[in-house]
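See structure below.
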Amino acid sequence: MASPDGSGSDSFRKRRRRNRERFVLAAVLTFILVAVGVLALVFYELRPVSLKIAVGPGGGDDLKLVQALAQSFARDRAAVRLVPLVTGGATPSIEAFRDHKADLAVTRADLDLPADAQAVAVLRKNVVVLWAPSSAGKGKKSVKTIADLAGRRVGVIGRTPANIKLFDIILAESGVAPDKVQKEQFATGQLAEMARDPALDAFLAVGPLDSKITGEAIAATAKARGEPRFLPVDVGDAIAKKYPIYDSEEIPGSIFSTQPARPEDKVDTVSVNHLIIARQSLSSVTVTKLTRQIFAARQQIAREMPLAGKIEAPDTEKDAALPAHPGAAAFIDGTDRTFMERNSDYIWGLVLLLSGLGSAGAWFRSYLSRDEREAGAKMRDRALAMVAKARKAESLEALDTLQHEIDKILRDTLDCYDDGAIEDLEPFSLVLEQFHHAVVDRRAALSAAGPGLVPADAAALPAARA
């Protein structure tokens, strides 16, 4: 390995350099793979998620509220962004949601929702308002209660079939056969026409208590037909128990007008939620972030759009008629998990992977160093053999050559020690010390013999051979 001309030492250095390059390359590749995995996980967690939300009709309050939320999320660079998909109303929004054209939808809870639809947030409560002119037409009896509606015609505001369905439930629970009442639906732009129709004996609207449409409809009928009489829905509790999608509600006095008071006193009725729905399969983490953003932006948006102040949490009970999405329930109930909690399995897996890679790296480094360990042992043996050569050197030049060679061996040995191929330098130190003593003693003997003379022990060698 360590020949006098140094070729063995050069070959050893080349092997060491090649092994180091292999180890460094393996370490760099491992680091890159681990770094890519960590960056991929962080990117997955921090990337903005855009969700399409079906909402309508165009120009309606629901669309304005969703647009305000979308603008707030974009301005704050929130984790979840909303992309409004404008539809013709609640029913078309459900169709877009069912056809997977949208991830979310704004709709009423009593419509025909897909089986996997779950609540994210309640935007408002839509209450049923029933009223009739205080004075009936010629030959007609005044309508004072829901029971008086049998055989009468009722104008229903809104084209959605959900209003007719809800009205039929109210009639049936109030003891009136739904088919005994004629219903005529009017679009929101036909309020004046509806108010002037003398054939209508009562009117029904479904919307929030501060609905502009409901208020205008009541004012229009009061102007055309006289002050309204509000009809109480006395069976609200029974409806809520039988149809959990509805709730018993009260209409406060003077909510629609104070002068004159409309109504004069509170009126019992029923309500249905108008809400944002999401698929059950939508990521719980994403829905948790979305719910948090909605409630965080609610108060700020409410300053310019009072409708935002009506946003409420959905029912998180397991037996709710429309269950809350697990992601929304996690935020509302305070059980949402942090990044570390959600990814603890991945983090521990990464720790175990790094530990395994460390062990593999140590083995690989040991495997690559096997030649160096063998070379280290050979260098020690070579140095030990050089002790005997030093004691029998026949000239100072020969001692210098041996000293030069031992210097190379010493340098290579220290390099192996730095690399961990040699763990203990004590044996080599003993050999080096013996070599040093041998060189000193032999140098002294050669110097005492003088130039051209051979020490006595060297001269005795030929005689011994003879």
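The values are calculated or read from the model by the stated rules, or taken from the named source; none is laboratory data. Bear in mind that the values here come from a model prediction, so they are computed numbers and not experimental data. Please note: Cβ atoms are built from the backbone with ideal geometry, for glycine as well, and neighbour counts cover all protein chains shown. Note: areas computed on protein heavy atoms with side chains; ligands, DNA, RNA excluded. Shrake-Rupley method; radii C 1.70, N 1.55, O 1.52, S 1.80 Å.
Scanning segment 104-126 for residues that are open to solvent by 50 Å² or more (accessible area, probe 1.4 Å) and farther than 18 Å from D247 by Cβ, we see that the one that is farthest from the chain's Cα centre (by Cα) is D112.
Scanning segment 256-286 for residues that are outside any strand (DSSP E or B), within 43 Å of the chain's Cα centre (by Cα) and polar (S, T, N, Q) returns Q280, S281, S283, S284, T286.
Applying the set (1) at pLDDT 95 or above; (2) open to solvent by 60 Å² or more (accessible area, probe 1.4 Å) to W131 leaves exactly one unmet item: (2). Selection within segment 194-243: residues that are in a loop (DSSP other than H, G, I, E, B) and aliphatic (A, V, I, L, M). The member of this set that is nearest to N126 (Cα to Cα) is L209. Pairs are defined by a Cβ separation below 7 Å, a sequence spacing of at least 6 or placement on different chains, a first member in segment 304-317 that is more than 17 Å from T288 (Cβ to Cβ) and part of a helix (DSSP H, G or I), and a second member that is open to solvent by 50 Å² or more (accessible area, probe 1.4 Å) and not aromatic (F, W, Y); the pairs so defined are L307/D61; A308/R298; G309/R298. Selection within segment 173-189: residues that are closer than 24 Å to P57 by Cβ and at pLDDT 95 or above. The member of this set that is surrounded by the fewest Cβ atoms within 10 Å (Cβ to Cβ) is E184. Among the residues of segment 293-303, just one is small (G, A, S) and open to solvent by 40 Å² or more (accessible area, probe 1.4 Å), namely A296. Could you check, for segment 24-39, whether at least one of its residues is surrounded by 14 or more Cβ atoms within 10 Å (Cβ to Cβ) and at pLDDT below 65? Scanning segment 24-39, I find no residue that is surrounded by 14 or more Cβ atoms within 10 Å (Cβ to Cβ) and at pLDDT below 65, so the answer is no. Among residues of segment 208-236 that are within 29 Å of I311 (Cα to Cα) and of a type in the set (D, E), those with a beta-carbon under 8 Å from a residue that is open to solvent by 70 Å² or more (accessible area, probe 1.4 Å) and assigned to a helix (DSSP H, G or I) at least six positions away or on a different chain give the pairs D210/P306.
Applying a threshold of 9 Å to beta carbon distances and a minimum spacing of six or more residues, or different chains, the list of pairs starting in segment 433-447 at a residue that is in contact (Cβ under 8 Å) with a residue 24 or more places away in the chain and ending at one that is open to solvent by 70 Å² or more (accessible area, probe 1.4 Å) and not aliphatic (A, V, I, L, M) reads A438/K389; A438/R391; V439/R391; D441/R391; R442/R391; R442/K392; L446/E394. Return yes when A328 is touching a residue at least 40 places away in the same chain (Cβ under 8 Å) and within 11 Å of Q118 (Cβ to Cβ) and no when it is not. Criteria met by A328. Residues that are open to solvent by 10 Å² or more (accessible area, probe 1.4 Å) and either modelled with pLDDT under 90 or under 14 Å from T91 (Cα atoms) (or both) within segment 44-60 comprise Y44, E45, L46, R47, P48, P57, G58, G59, G60, listed in sequence order. Every condition in (1) surrounded by fewer than 17 Cβ atoms within 10 Å (Cβ to Cβ); (2) under 21 Å from T107 (Cβ atoms); (3) at pLDDT 95 or above holds for A278 except the one numbered (1).
If you check A388 against the conditions, is it assigned to a helix (DSSP H, G or I) and modelled with pLDDT of 75 or more? Yes: the conditions hold for A388.
Of all residues being open to solvent by less than 10 Å² (accessible area, probe 1.4 Å) and in contact with a Lys or Arg (Cβ under 9 Å, 6 or more places away or on another chain) in segment 202-220, which is nearest to E317 (Cα to Cα)? Just the residue, please. Per the criteria, the residue is G207.
In segment 137-155, what residues are at negative phi, of a type in the set (G, A, S) and assigned to a loop (DSSP other than H, G, I, E, B)? Of everything in segment 137-155, those that are at negative phi, of a type in the set (G, A, S) and assigned to a loop (DSSP other than H, G, I, E, B) turn out to be G137, S142, A150. For the residues A393, A362, the requirement of being over 17 Å from V440 (Cβ atoms) and either open to solvent by less than 80 Å² (accessible area, probe 1.4 Å) or modelled with pLDDT under 70 (or both) singles out A362. Can you find a residue in segment 156-172 that is assigned to a helix (DSSP H, G or I), among the aromatic types (F, W, Y) and at pLDDT 95 or above? Scanning segment 156-172, I find at least one residue that is assigned to a helix (DSSP H, G or I), among the aromatic types (F, W, Y) and at pLDDT 95 or above, so the answer is yes.
Would it be correct to say that P306 is at pLDDT below 95, open to solvent by 20 Å² or more (accessible area, probe 1.4 Å) and under 24 Å from the mean Cα position of the chain (by Cα)? No: the conditions fail for P306.
Within segment 92-101, not a single residue is of a type outside the set (F, W, Y) and touching a residue at least 60 places away in the same chain (Cβ under 8 Å). Scan V270, V235 and give me the residue that is open to solvent by less than 40 Å² (accessible area, probe 1.4 Å) and out of contact with any strand residue (DSSP E or B) (no Cβ under 8 Å at 6 or more places or on another chain). Of V270, V235, the one residue that is open to solvent by less than 40 Å² (accessible area, probe 1.4 Å) and out of contact with any strand residue (DSSP E or B) (no Cβ under 8 Å at 6 or more places or on another chain) is V235.
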